[in-house]
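Contents: one structure, followed by commentary.
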Amino acid sequence: MPNLIDIPFDKRHLCWFCEEPSHLDFDYYRQSHCPHPSLSIPSCKECASLAKQNTLTSIWECRVAVKDGLMRIYQKDLAIGINWTPEELAESEFECMVFAGFKKSAWFMYQVARDRVNAQGWPLGLDGVLLDQESDGPSQTLFKFDGVSYPSLLHAIKHYSQVMALDKAFLQEIVSLLGRDKFSQSVKIARLNIGITQGKQRQIINDLMSELDQH
């Protein structure tokens, strides 16, 4: 049973991932290689959906993937802050109904998207005891492999998927099962099974899960 994380009073109705109002709990179930116990995390619907697709090997890596997903979904809103300033929007000459609506809401939408991506949540704790506080940040998600440092495990997965034409979702699921320390083995399994059907992928994942359960 996942442990409900400690929630500061001023954060009691907020999503841990993006600090928007939360209505759900996202349950993170640990694998044997995970550095923390199974956790129940307050989450909004959108972040919970992204987190379920990207559990990776720790809740901190999962958070990186959620942020990556939010940036992808809201890239147009985030681009507003690159292309405009509040003053430029206010002084723009948008007059027709469609553009007037954009002028009115654009900066607000940019601010919401920006704040969700930038939100840091709060340090994770259980019953008043912080989970490895030094791990609650970039040092935990930094991933080094084959002489290269990646901002996160997710970035390494994306890189190897692109360079070796691997199925990213398949590789990610293998890594989630085997852990960071067996990244090389995960890549080998994915390379040996390029182009297989989703049914065959599922069979391989189930076989890996059965093998892990026996150890």
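Here are some notes:
- The share of alpha-carbon pairs in region 168-212 lying farther apart than 11 Å comes to 62%.
- Report note on the peptides 49-59, 67-77: ranked by the mean count of other C-beta atoms within 10 Å, highest first, their order is 49-59, 67-77.
- Accessible-area composition of region 12-70, carbon plus sulfur, in percent [1.4 Å probe]: 48
- Entries in Lys45/Lys144; Lys144/Lys200; Lys45/Lys67; Lys11/Lys158; Lys11/Lys52; Lys144/Lys168 that, when Cα-Cα distance is taken, lie over 24 Å: Lys45/Lys144; Lys144/Lys200; Lys11/Lys158
The values are calculated or read from the model by the stated rules, or taken from the named source; none is laboratory data. Note that this is a predicted model, so its numbers are computed, not measured. Backbone-built Cβ (ideal geometry, glycine too); neighbour counts: all protein chains shown. Keep in mind that these areas ignore ligands, DNA and RNA; they rest on the heavy atoms of the full protein, side chains included. Shrake-Rupley method; radii C 1.70, N 1.55, O 1.52, S 1.80 Å.
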